[in-house]
1. Taking θ as phi - 60°, what are the ³J(HN,Hα) couplings along the stretch 252-263 by the Karplus curve (6.51, -1.76, 1.60), each to the nearest whole Hz, with x for Gly and Pro?
2. Solvent-accessible area per residue for the chain at a 1.4 Å probe radius, Å²?
3. Out of every Cα-Cα pair in the stretch 1-71, what percent are more than 20 Å apart?
4. Taking the Cα atoms of the stretch 197-338 alone, what are Rg (to one decimal) and Dmax (as a whole number) in Å?
5. Scaled to the compact-protein estimate 2.2 N^0.38 Å, what is the alpha-carbon radius of gyration of the stretch 270-323, rounded to two decimal places?
6. Relative to the longest principal axis of the C-alpha atoms of the chain, give the angle of the C-alpha long axis of helix 160-171, reported between 0 and 90° and rounded to the nearest 10°.
7. At R0 = 22 Å, how high is the FRET efficiency between residue 151 and residue 230 if r is their beta carbon distance? Nearest 0.05 is fine.
8. Short version: ³J(HN,Hα) in whole Hz for each residue of the stretch 76-93, in order, from phi by Karplus 6.51 cos²θ - 1.76 cosθ + 1.60 (θ = phi - 60°), x for Gly and Pro, what are they?
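The values are calculated or read from the model by the stated rules, or taken from the named source; none is laboratory data. Please read all numbers here as calculations on a predicted model, not as lab measurements. When we count neighbours, we look across all protein chains shown, and the Cβ atoms used for this are built from the backbone with ideal geometry, even at glycine. To get the accessible areas, we keep the full protein, side chains included, count just its heavy atoms, and leave off ligands, DNA and RNA. Shrake-Rupley method; radii C 1.70, N 1.55, O 1.52, S 1.80 Å.
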Amino acid sequence: MGITRQLAEFVADLRYEDLPTDVTERAKRLILDITGIIIRARNDAESTPGLMAAVEKLGLAQGKCSVMGDRQGYAPTAAALINGTLAHSLDFDDTHAEGSIHSSAPIVPAALAAAEMNDASGKELIAAVVAGYEVQIRLSLALTPTAHYNQGFHPTATCGVFGATAAAAKLMGLGADGIQDAFGVALSQSAGSMEFLVDGSWTKRSHVGQAAQNGLICAALAAEGFKGPRQAFEGRYGLFHSHSPKSEPDKAVAGLGQSWETMRLAVKPYPSCRYSHAAIDGLLAMMKEHGFTADDVEEVEIGLPQTGWNIIGGPEDKTVVENVVDGQFSMPFCAAIALREGGFVWDDYARHLKDNATKALTKKVRAIVDPRAEAEFPVNMSGTAKVKTSKGEFETFVVVPRGEPGNFLGDDEFRSKFDGLCAPYIGEEQAGRLADQLLALEQANSVSAVMALSQAKRA
C-alpha cells in the first residue's frame, strides 16, 4: 500500500474513542492556546487590517462561519484564511522541534470552518485536528526539514495544507478514497517561500492562512467527486520528489496510529521564533541566579543549531530590527528584550522596537552555531547563552526549552497566557467561560456554540 493511501486510510478510520486520553487532553490545550493567539491577532497585529479589507473587497465577509475575536460572519473559506493567518501572526503558536514546524495554525482554522459547516461535535473536532497534526508533522519529518528549508520552502505551510485537508475532509465525512483525492488536489497547493526573512514581510502569516483555506477547498472538491492524483506524496512528481532533495518517505508512516506526534508538540512561552527560546530561558535563569540586570551587560553570545542560526542568527545582520517580523526572527533583539524585561510577552514589541536602549543592547548580542546545540538537533531546539557583565561572566546550556513535551507548561501557565492574550478584547469573564468550554470540548454537542464565546464584545 502506498504512503498516500496509508495516510488517507488512517485519517478516515480514526475515531475519538480510539485516541489515548493524553492525546485528547493535549489536543484540547493546543486548541485553547491557538484560540487565544487568534483573538489577540484579530485585534492587535499590524497585518490584520489589510487582510480584513481584502476579504471584504472579495465579497467574502458574509456567511455563517466564525472568526475568533470578531462578531461578523464569514464565508467558510474566508474564516479559514483569516483564522489561519491570525493564528500565525504573532509567531506565538505551537511547534514540533524535529519537524521544525507549527501545527495548530494551519489545521485548527480549517477544522473549525469545516466543523461549523457540518455542525460537528467537540469529539469530532478533536479527532479531526489530531488527524491533521499527524499528517502534517509526519510529512515534514519525511521531507527532512533542513533540506526542505534549504530549498526555500516554509514547511508549516507546505505540509500544513495536507494537515488542513485531512482535518476538513474528516469533518466532511470523506472515506479513504475521497481523502486520497483531496491529498492529490492539495499537492498543487503545497507552497510557501522563506523569502519573508529577507525584508520582514508578512507572507509567513498568509502562507498559513492560505494553507488552511486551501485545505478546506481541497476537501470540499473531493467531497463533490473531484479527482486528484492518487500518489500525492510518493509519486514521480509527488511531494517527496518535488519539495526536498533528501526525503525519507518511510518517516511519514512509521508508527502510524501507535506513536502520536501530537504529543511531541510544544507550546511557546515567548512570542518569537522557537529557536530563540532555549537561549531566552537561559538568560532569564542566569539573571535570577546571579542577580545581574540589563544595565550590567557588556557582551552576550548565543549558541544555536545551524538551522536555527540560519533563521534567527544570520547571515544578514540580525541586530538591525525595523518591524515585528524582524524582531521575531532576530536572536539579538529577542535576547535584548528578555534582558531588559526579565521576561518576554507580546506587548514587549510595541515597547521596544523604537527604544534606543534596547537597540543599543541588541548590538551587544551575537549569535553563533554552537556544536552542543547542533548535536541535540533536530530532537531538541537547544541553545547556549554566555554573558559578560560588570559582575562577572556567566554561561548556561539549555537542552530542552520551556514548553517542550519534556518541559511542558502547566495548566495555570496555559490559562495565564490565554487570559493575557484575549481578555483585553472579550473580557475576563467571557475569556474564562471560553477557556472552560475549550478544555471540556469533548462534551460539546456543537462546535458553533463554543465558537460564539470567542466573539468580541464590540465590533
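1. 5, 10, 4, x, 4, x, 10, 9, 9, 5, 3, 6
2. 37 Å²
3. 57 percent
4. Spelled out, the Cα radius of gyration and Dmax of the stretch 197-338 are 20.6, 66 Å.
5. Relative to the rule-of-thumb radius for its length, the stretch 270-323 sits at 1.25.
6. 40 degrees
7. 0.35
8. For the stretch 76-93, the Karplus-derived couplings read x, 5, 5, 4, 5, 4, 5, 4, x, 5, 4, 4, 10, 6, 9, 6, 10, 9 Hz, x marking Gly and Pro.
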